[in-house]
Amino acid sequence: MKKLTIIVHADIKQSLADVLRAMPEVAGFTFTAVEGHGPQDESDIMFSARDRVVGYTPHVRVDMVLNDADIDKVLEAMRGNNCGVTGRGIYWVTPVDRIDKL
């Protein structure tokens, strides 16, 4: 098992949720609001006037636990479904040593 973590711009949250809910490989996922801080490129279309004033860009962190074989399939589905994730986020994959209910 692996944990896929994705950080994307907040405005694509709903379309990304729709794509993930439609995938049988994704049993569930968690959204967490996060703020993107760091040097900003003035030509970046994601960096709005509001973002320039407050100094950060609203993002969403998405966490999900997947079977190893499903990671690439889920990533490709997100890229291919026009949900807005392509070129607008980052991801990383980490091993899961144990998963169980409390």
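The string of couplings for segment 89-99 from the Karplus curve (6.51, -1.76, 1.60, θ = phi - 60°) is x, 9, 8, 8, 10, 10, x, 10, 7, 7, 9 Hz, one whole number per residue in order, with x for Gly and Pro. Ranking M1, M23 from most to least accessible surface, computed with a 1.4 Å probe over the protein chains only, gives M1, M23.
The values are calculated or read from the model by the stated rules, or taken from the named source; none is laboratory data. Bear in mind that the values here come from a model prediction, so they are computed numbers and not experimental data. With ligands, DNA and RNA removed, areas are computed over all heavy atoms of the protein, side chains included. Shrake-Rupley method; radii C 1.70, N 1.55, O 1.52, S 1.80 Å.
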